[in-house]
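The values are calculated or read from the model by the stated rules, or taken from the named source; none is laboratory data. What you are looking at is a predicted structure, and each value in this text was computed from that prediction instead of being measured. Here the Cβ positions follow ideal geometry from the backbone for every residue, glycine too, while neighbour counts run over all protein chains shown.
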Amino acid sequence: MEAESIPSLSPLIQSADQWGELLLLLPLLVALEAVLSADNAIALAAISRQLHEPKLQRQALNLGLALALVFRLVLIAAARWVLDFWPLQLLAAGYLLWLCLSNLLPMRAGAEQDGAGDGSVEPSADRGLSGVVVTLALTDLAFSLDSVAAAVAVSDNLWLVMAGGVLGVVALRLTSGLFIRWLEEFRHLEAAGYLAVGLVGLRLVLRLAAPDLVPPEWVLLAFVALLFAWGFSARTPDVQADEVQP
């Protein structure tokens, strides 16, 4: 007699199967979220830096990612419908491309002025806390279309995917805090992050316009890795000078 044929043991067997799936797939989903959210983390760090004060930056990240978590859980619950709703994907792609260009163009103009001797590149002007919080949440939502699609492909267990999403947001909060510090130390890191944001936006557009031409996920990750290698390749001169001084 097989154990599955005993009614009293069936719930235990099903529970064991569910826990086995949890122990096997949850670390995979968390790792997947962490890898796919690396460019997301640097974008969130750059946005929160617009507040300048460390206390406000931490507060903005906490509130923004709490709101982003709500958005992400709703997105996961409605994934089967949302992932087939092309207007939302187009809107997310447009937002990411706008975020990339609206930050890279001022950075380039400031760098040209700095090269001409007109002064150093100044950080973005202060924005209200509420505006930064909303921007953080919307940015994570746009990025989540890609990560949620990958997570749903790994498992069709709704609660498992939600658990991975929650842990992914926690990891995103920790890495965003690190990137705030690194953005001060490495001069190309912010530009590399926004270029990675643009790549994700272009991939979403390509997925809508020509799905057969969408490159594999590893190609995008390889480009992002190259961008991050460039981003960490040069330290900010002021930081180097401070480290040289005794």
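Could you please find all residues in the range 172-193 being among the charged types (D, E, K, R) and free of Cβ contacts under 8 Å to residues at least 60 places away in the same chain?
If the condition is that a residue be among the charged types (D, E, K, R) and free of Cβ contacts under 8 Å to residues at least 60 places away in the same chain, then R181, E184, E185, R187 are the ones that fit.
Going through the range 209-220 one residue at a time, which ones are surrounded by 14 or more Cβ atoms within 10 Å (Cβ to Cβ), aliphatic (A, V, I, L, M) and outside any loop (DSSP other than H, G, I, E, B)?
L220
Quick check: is even one residue across the range 48-68 surrounded by 13 or more Cβ atoms within 10 Å (Cβ to Cβ), of a type in the set (A, V, I, L, M), more than 24 Å from L104 (Cα to Cα) and at pLDDT below 80?
Taking every residue of the range 48-68 in turn, none turns out to be surrounded by 13 or more Cβ atoms within 10 Å (Cβ to Cβ), of a type in the set (A, V, I, L, M), more than 24 Å from L104 (Cα to Cα) and at pLDDT below 80.
How many residues does the range 58-99 hold that are of a type in the set (D, E, K, R) and under 15 Å from the mean Cα position of the chain (by Cα)?
Number satisfying all stated conditions: 1.
Conditions (1) buried (at least 20 other Cβ atoms within 10 Å of the Cβ); (2) modelled with pLDDT under 65; (3) in a loop (DSSP other than H, G, I, E, B); (4) in contact with a helix residue (DSSP H, G or I) (Cβ under 8 Å, 6 or more places away or on another chain), marked per residue:
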{"residue": "E122", "(1), (2), (3), (4)": "no, yes, yes, yes"}
{"residue": "A125", "(1), (2), (3), (4)": "no, yes, yes, yes"}
{"residue": "G131", "(1), (2), (3), (4)": "no, no, no, no"}
{"residue": "D140", "(1), (2), (3), (4)": "yes, no, no, yes"}
{"residue": "D146", "(1), (2), (3), (4)": "yes, no, no, yes"}
{"residue": "V161", "(1), (2), (3), (4)": "yes, no, no, yes"}
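Go through the range 80-90 and report how many residues are part of a helix (DSSP H, G or I) and either of a type in the set (S, T, Y) or surrounded by fewer than 16 Cβ atoms within 10 Å (Cβ to Cβ) (or both). Don't jump to the end; show me each part of the working.
Just the residues of the range 80-90 that are part of a helix (DSSP H, G or I), to begin with: 80-82, 86-90.
The next check asks that each one be either of a type in the set (S, T, Y) or surrounded by fewer than 16 Cβ atoms within 10 Å (Cβ to Cβ) (or both); those that pass are 80-81, 86-87, 90.
Count: 5.
From the list V224, V197, pick out the single residue that is modelled with pLDDT of 85 or more, under 22 Å from A93 (Cα atoms) and surrounded by 14 or more Cβ atoms within 10 Å (Cβ to Cβ).
V197
Which of the residues belonging to the range 81-98 are more than 10 Å from G201 (Cβ to Cβ) and either touching a residue at least 60 places away in the same chain (Cβ under 8 Å) or hydrophobic (A, V, I, L, M, F, W, C) (or both)?
W81, V82, L83, F85, W86, L88, Q89, L90, L91
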